[in-house]
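One structure below.
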Amino acid sequence: MAHILYNAWDSLYKEPFGAVKIGHEVVWRIQIFPDENEEIHYVNLILTKDGEEDVPYALENLNHDGLYQVKLQIGTAGLYFYHFEIETSYGRSYLEKRQGGIAQQVSSQSDLLRFQLTCFDEEVPSPKWYRQGVIYQIFPDRFANGLPNGEVQGRKPNSFIYGTTADKPYYIRDKNNEIVRWDFYGGNLKGILKKLPYLEELGVTTIYLNPIFLSRSNHHYDTADFLKIDPMIGNEDDLKELITEMHKKNMHLILDGVFNHVGKESIYFNASGSYGKNVGAAQSKESPYYSWFDFIHYPDDYKSWWGIKDLPVIDKDNPEYQKFIYGDSNRSVLSKWNNFGIDGWRLDVADELPMNFLRGIRKNLDSHHKQVMIGEVWEDASNKIAYDERRQYTVGDNLTGVMGYPTRIFVMDLLESVKSSQDIKKYCNKYLQLQENYPRDFWLNTLNNIGTHDTQRIKTVLHNDDNKVIQAFRTLFNLPGVPCIYYGDEVGVEGDADPDNRRFFPWGQEKSSRIIQEVKKLVDRRKKNILLQEGRLGFVIARGSHCPALAIVRYDDQGNSVYNWLNLTQYKQIILPENCEYLCLPQNIQQKFQHELTLDSWEYKVI
């Protein structure tokens, strides 16, 4: 039986690498080494657009080195899958995808693991301030209070204020596990304004704020009024002042948009009637908001987000709701806050928002010259299926990028799950799959994190080991995408799952933190190195005496590169080039590592 080779990550076999723009030529080649008496009858590429029929394309024999080739131009955007079919005098076989870009020859076409090809309409470049910057995520109630003597403004009924900012967050729940009294510390926009010098010294260029609009809770994902800032957080003048001062410092602001659901005590739903008896969908079927919601048994049984009755889901296909959020270029929710001078949006639960809704948001943002539109998608956004629909996030007409939760998983795997070089290879190949599946700009626009308000704190995940936390930050800052620091992670704040991961910032601790000093160096280096902002990604895996070491390699098409070596253990490592394995790196970049390298305990070395 013929020996057949294909590697989607090697330019010998596929050009260009990864996703392609419509109308651009794609070249596929496979290499066949038949047995002495074996004849090749045909070689086909089987290409399938998602949801459509297979289409075979014959590969031409190039008559050298066993190479067969086909060239195609993809005419429509979308998701494509492919494999190869080869028939010889010995029978028929197939090439399917295995780990990394490498193909494996199999004899049956049942349950083939096919390669993916993403085809997009347009790239989605982002402004330099976004891609070349560093983001800092702030949970407004938990960062800083800028009022005199720490006064808490806009206190809410049936809530409580913590006695000190050192108190740990705690939920008071009833027998049905519903939160009955929300807890607050009193962080606000004035506090963020007051701490801008701290963020500037850290090197932060963009602040991403969790929701700031009127709501009942401390997290504000239960919006009560999209057009009002929650008085505990501040007012419109506070927001304007913050934006003005940030722009003076060449800093930018991204707001969190929560458009899938609202709070049951919102003006739109008004479950308890606090806005009046005839206001809101739950109070009157004559309400202008009634058609926004899906009632099963009016008024108490309704569709809610993940069954959480506090969060009624809105019908995003409702024309009036669409107009309210983005359709009116002057008076919509987006238009109001865009006109304040904010610089972009992060969209909560983007996979709950229909594609036409996302495109409507994109159109509104374009009209206000706002390019940054980041979606909360936890998985590979190129092939995500939500509610039985393949989502086309990467084709170029909606999201700029997504939250980089796979980056967090990758970092945790490296620092917590690696036992051998094969483990590292598995995790690196899985991560590199994103680079293959995403259009280049979309990939570089990913908002990467190692912690958010929805996850355990990175220091807690890594068992309070500062060495590991520092290596986690080093990994984050060397990967493609824009690094985002979750407030407090840079000073070693701990925290388990929500609400523990939302502690108040421990002001004073930043002066003695070993972690923050390393983060400042990483921020400064990333700002100065274009390869860390724009470069392609590959890995070098080396087998050390105790555990493999890893190099994160960033490079460009001109042959420039930087090797970022990480010792992931407490043991000294001696790295020999002959013991290295290279992933997704062209030959000219591989050749740049030719000498023995020594890494001390937890050392980070750039070559």
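When the residues of region 176-190 are filtered to those that are surrounded by fewer than 22 Cβ atoms within 10 Å (Cβ to Cβ) and at pLDDT 95 or above, the one that is farthest from the chain's Cα centre (by Cα) is 181.
Please enumerate the residues belonging to region 271-301 that are under 23 Å from residue 212 (Cβ atoms) and either assigned by TED's automatic domain parsing to the domain that holds residue 221 or under 34 Å from the mean Cα position of the chain (by Cα) (or both). Residues satisfying the conditions are 289, 292. No other residue among 51, 100, 23 is assigned to a loop (DSSP other than H, G, I, E, B), at positive phi and surrounded by 14 or more Cβ atoms within 10 Å (Cβ to Cβ) apart from 100.
Taken over region 136-162, residues that are farther than 13 Å from residue 231 by Cβ and either surrounded by 24 or more Cβ atoms within 10 Å (Cβ to Cβ) or touching a residue at least 40 places away in the same chain (Cβ under 8 Å) (or both) amount to 10.
For beta carbons closer than 9 Å, sequence separation of 6+ or different chains, a first residue in region 98-114 that is over 18 Å from residue 428 (Cβ atoms) and modelled with pLDDT under 95 and a second that is aliphatic (A, V, I, L, M) and surrounded by 14 or more Cβ atoms within 10 Å (Cβ to Cβ), the qualifying pairs are 109/46. When 527, 511, 521 are checked against the criterion of being in the same structural domain as residue 197 (by TED's automatic domain parsing), out of contact with any strand residue (DSSP E or B) (no Cβ under 7 Å at 6 or more places or on another chain), at pLDDT below 95 and not small (Gly, Ala, Ser), a single residue qualifies: 511. Filtering 326, 302 for residues that are buried (at least 19 other Cβ atoms within 10 Å of the Cβ), in contact (Cβ under 8 Å) with a residue 24 or more places away in the chain and either touching a Pro at 6+ places or on another chain (Cβ under 7 Å) or not aliphatic (A, V, I, L, M) (or both) leaves a single hit, 326.
Annotation: of all residues in region 526-542 being of a type in the set (D, E, K, R) and surrounded by fewer than 17 Cβ atoms within 10 Å (Cβ to Cβ), the one that is farthest from residue 464 (Cα to Cα) is 534. For region 545-572, name all the residues that are small (Gly, Ala, Ser) and surrounded by fewer than 21 Cβ atoms within 10 Å (Cβ to Cβ). 545, 559, listed by residue number. Yes or no: residue 343 outside the structural domain of residue 452 (by TED's automatic domain parsing) and not small (Gly, Ala, Ser)? Criteria not met by residue 343.
The values are calculated or read from the model by the stated rules, or taken from the named source; none is laboratory data. Every value quoted in this text rests on a predicted model; they were computed, and no experiment measured them. Neighbour counts are summed over all protein chains in view; Cβ atoms, including those assigned to glycine, are modelled from backbone coordinates with ideal geometry.
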